[in-house]
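So the structure is just underneath, and the comments pick up after that.
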Amino acid sequence: SQTIHQWPATLVQPVGSPLSLECTVEGTSNPNLYWYRQAAGRGLQLLFYSVGIGQISSEVPQNLSASRPQDRQFILSSKKLLLSDSGFYLCAWRREDRELFFGEGSRLTVL
Amino acid sequence: DAKTTQPPSMDCAEGRAANLPCNHSTISGNEYVYWYRQIHSQGPQYIIHGLKNNETNEMASLIITEDRKSSTLILPHATLRDTAVYYCIVTRYSGGGADGLTFGKGTHLIIQP
C-alpha cells in the first residue's frame, strides 16, 4: 500500500533561519507531488506542485522554494524565514486520475 | 474550476444524519464534485466524488441535483469523530488534475453528544 511521510512534525525557528521540510511517498512511482500551507484560521493554499523529478511549478510568489531530487521525494525550503511563513504545511500526492492523499503535516512556528 | 459556496458551520446531534450542502451554480458539464474533510491538526482526507449520478461509499453519500448546481454530502450516522472541516471542491479533472485542488474555507461540522 502507498504511504506518505512528512518530517519534522513540529518546528520552531527564529526569523532569518533556514528551513527544510521533507516529504517522501512509498509504494508508488512517478506520483504528482504537492505542498500546501494552512495559516492559522485560514484555508489551504497550494504552494508548489511537481509532475516529475526536477519539475516544479509555483502557484504563488513567496519566500519559499521546492525541489524534487528523487521520484518520491519532495522538499520545501527557505533560506531566510519570515514571521509570515508560520503555518501548517502539508505534502500530498496523487497518481493518474486518483484523489489526493495528504501527509500528517508539519507545523512551523517562526519567532 | 467552478467556485463553491458552503455554510461556514453546522451542528448535528450524534447518531443523526449530517447533511452538508454545497452550491456550485457555475459548474460545467465536465466538472466533478469532490468532498474532503480535515480533522483538527491533520491532513485532509478524501471522502467521495461524483460527476452526475449520486454516489455512496463506506463513509458517505453524495447527492447531486439534476441540474448539478448543488450537492449534499450525507454522513448517515454521525459520530463525535466526524467533527471536522468539510470541503466541497469542483474540478475539471477526475483526481484533480496535475495542478492539484483548490480548497475553500469549507464547513466546520460539529457533532454534539
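The values are calculated or read from the model by the stated rules, or taken from the named source; none is laboratory data. All of these numbers come straight from a predicted model, not from anything done at the bench. FYI the Cβ positions are ideal-geometry reconstructions off the backbone, even for glycines, and counts take in every protein chain you see.
Total residues in segment B:70-101 satisfying the condition of being in contact with a Ser or Thr (Cβ under 9 Å, 6 or more places away or on another chain), in a loop (DSSP other than H, G, I, E, B) and modelled with pLDDT of 95 or more: the figure is 1. Among the candidates A:TYR49, A:TYR89, the residue that is within 20 Å of A:HIS5 (Cα to Cα) and at the interface with chain B (Cβ under 8 Å from one of its Cβ atoms) is uniquely A:TYR49.
Applying the condition of being more than 10 Å from chain B (Cβ to nearest Cβ) and surrounded by fewer than 13 Cβ atoms within 10 Å (Cβ to Cβ) to segment A:29-46 and asking which residue is nearest to B:THR102 (Cα to Cα) yields A:ALA40. Selection of segment B:32-90 for residues being of a type outside the set (A, V, I, L, M, F, W, C), free of Cβ contacts under 8 Å to residues at least 40 places away in the same chain and within 14 Å of chain A (Cβ to nearest Cβ) yields B:SER41, B:GLN42, B:GLY43, B:GLN45, B:TYR46, B:GLY50, B:GLU55, B:ASN57. Quick check, is A:LEU82 away from chain B (no Cβ under 14 Å) and surrounded by fewer than 19 Cβ atoms within 10 Å (Cβ to Cβ)? Yes: the conditions hold for A:LEU82. Being farther than 15 Å from B:GLN6 by Cβ and either crowded, with 19+ Cβ neighbours inside 10 Å or modelled with pLDDT under 90 (or both) is a property that does not hold for B:GLY104.
Given the criteria under 21 Å from B:VAL90 (Cα atoms) and either small (Gly, Ala, Ser) or part of a strand (DSSP E or B) (or both), does A:ARG37 qualify? Answer is yes for this residue.
Residues that are without any contact (Cβ under 8 Å) to a residue 60 or more places away in the chain and assigned to a loop (DSSP other than H, G, I, E, B) were ranked within segment A:1-28; the one that is surrounded by the most Cβ atoms within 10 Å (Cβ to Cβ) is A:GLY27. The numbered conditions (1) within 26 Å of B:GLY106 (Cβ to Cβ); (2) touching an Asp or Glu at 6+ places or on another chain (Cβ under 8 Å) are all true for A:ASN30 except (1).
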